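Beneath this line is the structure, given in structure tokens, with notes to follow.
The values are calculated or read from the model by the stated rules, or taken from the named source; none is laboratory data. Quick caveat: nothing in here was measured; it's all calculated off a predicted structure. Quick note on the areas: whole protein, heavy atoms, side chains included, nothing else; ligands and nucleic acids left out. Shrake-Rupley method; radii C 1.70, N 1.55, O 1.52, S 1.80 Å.
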Amino acid sequence: MTETSTAAPIETDAHIDTLVAAAVAAGDRWAATDPAERERIVVAVADALEADADRLIPIARQETNLAEPRLRGELKRTAFQLRLLARVAAAGDHLDVRVDHPDTDWPMGAPRPDLRRTSVPLGPVVVFGASNFPFAFSVAGGDTAAALAAGCPVIYKSHRGHPELSAATAETVTAALAAHGAPDGLFATVSSQAEGRAALAHPDVKAGAFTGGIPGGRALFDLAQSRPEPIPFYGELGSVNPVFVTEAAAAGRAQEIVDAFIGSFTLGQGQFCTKPGLLLVPAASSFTDLLRAAALPAGHRLLNPGIAQGHHQVREELAGRADVSVLAGGGGEVDPPLATLLSTDVDTLVAHFDELFVECFGPTALVVVYRDEAQLLDVARALDGQLTATLIAEDDDAIVGPLATILTRKAGRLLWNQWPTGVSVTYAQQHGGPYPASTASGTTSVGTAALNRFVRPVAWQGFPQHLLPGELRDDQTLPAPRRVDGHLEAGSRE
Ligand code: NAP
């Protein structure tokens, strides 16, 4: 699966020049299009995807080994995401409009000028999707939806794990955009890594978005930063997603926690970036016995040979260590693998953190036994950036306060007595985190705040009313579409 050479040369061929030139021209028109019209067109893409479900799902099944119900659910989520982002973008919340009227008594010691701040689309965005969400983080997935809805053209690098599905989805997207009057060149795809890098390096591209593993994400982030004009690169990468079980929770509901944990780490064969890959449990509990005795689900083929090989390699490296034991499951073919629970203790984990605290993408997790709850703080302090951190605890557990304080510095989403798999597309969702969970910890790739990544603030100082963008005028301090289309009133949260 790997063509990934971080040192590979950047190709700048005529094909990429043509795509980017078309994207720039389309982007100018798209940015100037009335936001309500942009919403209508993005919603048309969502409708077209749903209408094409019976054509797309069988291709997805064939290329990813994922089951039909899961794929249908994911396609529904993808269409929902397009519609929600289109509607919120049309309402203009992501523009973060601020209006300062002139103030001669402004206390800084000099008069305040008339200053009005809004945001404009960045321009062409290159998007790289992941293999484990062939719809929701792929051709028409969250990054594409957010960029288009925010007013940016997209050049999408197709994933080699589902090339036919990518081509078929792109056909649907392109046809819907054309049929509903979007400018030519607004959306295009490339297929090789070299083309993806060339597009990202092109001087007229203004941002990159990526979902995938750390090596590829880091290489592309470095490329985006090393351009003569560095550009934002929103990479959502891997994560271990530790779960902290307190002594009281373990004493009161061990079997329930064991069952829920097994359900979460084996969901989708463990092929989720939010899979709980590490469970911390007290030594003085029945946990390890319950886990040893637990029935693990049967093996199922993984997404593709590259993912299967990667899982096998990391699992074997962990299981082969003298300081790690196999608690349950394990073995099986490289593909399908059997679910595996490995075990060690906190002292070993902290002493060999870089080797043991690693993402094993697939149905494997590490159970780590602690002597006393103070060791939970040691583990929390040692963590690098995570997408999620989970507390399985009781309301009056004294450790929860200090633990949560540390974890807010480490993770993008904290969970209380719930499990991290399943990332709802909502207004308050935060899917990101400090590096290496993401390359831009101030942003999210899921939820409506994902729109903010693809606009840039501009302040207008002293301009006459008729020359200001609509949303900045005194008679229209809210973005125009929010006033006229009636879809979403200011500040409303459905
Ligand atoms: P991947 O192998 O990193 O691939 C992602 C995309 O980037 C693919 O299109 C790939 O091209 C491209 N790519 C990778 N390195 C590149 C390079 N040096 N130059 C140009 N293009 C490059 O990731 P994956 O196998 O699809 O996904 C598995 C990983 O994604 C797991 O670690 C998982 O945790 C993570 N993930 C994260 C999230 C999140 O939201 N944070 C969500 C889902 C998955 P090719 O297809 O040609 O190889």
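Rounding to the nearest 10 and keeping the result within 0 to 90°, find how far the Cα-based axis of helix 35-51 lies from the longest principal axis of the chain.
Taking the Cα atoms of the chain, the angle to 35-51 is about 40 degrees.
So in the chain, what percent of DSSP beta bridges are antiparallel if you round to the nearest 5? The partial results should precede the final answer.
Numbers: 17 of 55 bridges.
Restricted to the chain, the bridges split so that about 30 percent are antiparallel.
Could you put Lys157, Lys76 in order of accessible surface area, largest first, with the 1.4 Å probe and the full protein assembly present?
Working: Lys157 20, Lys76 140 Å².
If we order Lys157, Lys76 from most to least accessible, we get Lys76, Lys157.
Amide H of Phe210: which non-local residues (sequence gap of 5 or more, or other chain) have their own amide H closer than 5 Å, using H built in the peptide plane?
Phe128, Tyr234, Gly235, Glu236
Tell me, how many Å apart are the Cα centres for the range 294-365 and for the range 56-101?
Taking the Cα centre of the range 56-101 as reference, the centre of the range 294-365 is 32 Å away.
Tell me the mean residue ellipticity at 222 nm calculated for the chain from its helices only (DSSP H runs of n ≥ 4, each -39500 (n - 2.57), averaged over every residue, nearest 500).
Values: 16 runs with 195 residues, N = 494.
-12500 deg cm²/dmol, from helical runs alone.
List the residues whose amide H sits under 5 Å from the amide H of Ala437, counting only those 5 or more places along or on another chain, with H placed 1.01 Å from N in the peptide plane.
Gly385, Gln386
Whole-Hz Karplus ³J(HN,Hα) for the range 183-188, in order, using 6.51 cos²θ - 1.76 cosθ + 1.60 and θ = phi - 60°, x for Gly and Pro?
Computed from phi, the couplings for the range 183-188 are x, 4, x, 5, 9, 8 Hz.
Give me the 1.4 Å probe accessible area per residue for the chain, excluding ligands and nucleic acids, in Å². All intermediate terms of the calculation are to be shown ahead of the outcome.
On the way: 19770 Å² over 494 residues.
Averaged over the residues of the chain, the accessible area is 40 Å².
Using a 1.4 Å probe on the protein heavy atoms only, what accessible surface does Arg98 show? Give it in Å² to the nearest 10.
Only protein atoms counted, so the area is about 130 Å².
On a 0 to 90° scale, report how tilted helix 163-179 is relative to the longest principal axis of the chain, with both axes built from alpha carbons and the result rounded to the nearest 10.
Taking Cα atoms only, the helix is inclined about 30 degrees.
Using each residue's phi in the range 399-414, evaluate 6.51 cos²θ - 1.76 cosθ + 1.60 at θ = phi - 60° and report the 3J(HN,Hα) Karplus result to the nearest Hz, with x for Gly and Pro.
Once θ is set to phi - 60°, the couplings for the range 399-414 become 6, 4, x, x, 5, 5, 4, 5, 5, 5, 7, 10, 10, x, 9, 9 Hz.
Relative to the first principal axis of the alpha-carbon coordinates of the chain, what is the inclination of helix 68-91, with its axis defined by its Cα atoms, in degrees from 0 to 90 and to the nearest 10?
40 degrees
From the phi angles alone, apply the Karplus equation (6.51, -1.76, 1.60; θ = phi - 60°) to the range 451-461 and give each ³J(HN,Hα) in whole Hz, x where the residue is Gly or Pro.
4, 4, 5, 10, 10, 9, x, 9, 9, 10, 10
Taking amide hydrogens as modeled 1.01 Å from N in the peptide plane, which residues meet the under 5 Å criterion relative to Cys273, leaving out close sequence neighbours?
none
Looking at this model, which pairs from Lys157/Lys275; Lys76/Lys275; Lys76/Lys206; Lys76/Lys157 are more than 28 angstrom apart at the alpha-carbon? Spell out each step's value before the answer.
Values: Lys157/Lys275 25 Å; Lys76/Lys275 22 Å; Lys76/Lys206 30 Å; Lys76/Lys157 22 Å.
Among Lys157/Lys275; Lys76/Lys275; Lys76/Lys206; Lys76/Lys157, the Cα-Cα distance tops 28 Å for Lys76/Lys206.
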